[in-house]
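Written out below as structure tokens is the structure these notes cover.
The values are calculated or read from the model by the stated rules, or taken from the named source; none is laboratory data. Since this is a predicted model, take the numbers as computed values, not measurements. Backbone-built Cβ (ideal geometry, glycine too); neighbour counts: all protein chains shown.
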Amino acid sequence: MTNAPTQETAEVLMNRHVKTVTEELSLADVIQFLTSHDLSFAPVVRTENGRQLLVGVISEKDCMSRLAEDLFFGSPLPPRSVGTLMKRHPVCVAPETDLFSLSSLFTNHGLRHAPVTEEDGHLIGIVSRRDILRSLEKVAAGGERAIEARHRHPDPRLVSNLRYFGKG
């Protein structure tokens, strides 16, 4: 009997060291933040009682779209901030969300990243498509080894020992 692979959860896969931004940050500053940290996405948080409450997310795509519009049509007044550009109510996952649910969610919604939040909306990490892919690959590799083991032919000497001498 083969052991089923243990499923990893968002809590196991997530990055706990998340770089965040606030709603007050300007468009220019958030672009500089994302590019200087080599990020394509950042959670937008508000600090409450020393904890980070997730209020939205902002991505390179959001910034690129707004900056291109502003340059083409002329800069708006007042200047844009993260609070005016961010996506409110982003798709989030719970820490206990399993690997295959994460995979389905990311695939069906075209996500690259998802905040991991507690029930009260406080940010505890970020899980990425790459985190999920790495974990799926481990599961696949474990499954291939189990399949190979089941189909591997036994050593004929051991079979003959079992058949004729009752030993293994």
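Annotations
- Members of the range 4-47 found to be at pLDDT below 95, assigned to a loop (DSSP other than H, G, I, E, B) and of a type in the set (S, T, N, Q), listed by number: 6, 7, 40
- Identity of the residue in the range 23-48, small (Gly, Ala, Ser) and surrounded by fewer than 17 Cβ atoms within 10 Å (Cβ to Cβ), that ends up nearest to residue 123 (Cα to Cα): 40
- Among all positions in the range 51-74, there is no residue which is out of contact with any Ser or Thr (no Cβ under 7 Å at 6 or more places or on another chain), surrounded by fewer than 12 Cβ atoms within 10 Å (Cβ to Cβ) and polar (S, T, N, Q).
- Any hit, the range 132-152, residues being touching a Lys or Arg at 6+ places or on another chain (Cβ under 6 Å), under 30 Å from residue 43 (Cα atoms) and modelled with pLDDT under 95: no
- The sole residue among 36, 128, 103, 40 that is closer than 17 Å to residue 21 by Cα and touching a residue at least 24 places away in the same chain (Cβ under 8 Å) is 40.
- Residue match in the range 68-79 (condition: outside any loop (DSSP other than H, G, I, E, B), closer than 18 Å to residue 57 by Cα and either free of Cβ contacts under 8 Å to residues at least 12 places away in the same chain or touching a helix residue (DSSP H, G or I) at 6+ places or on another chain (Cβ under 7 Å) (or both)): no
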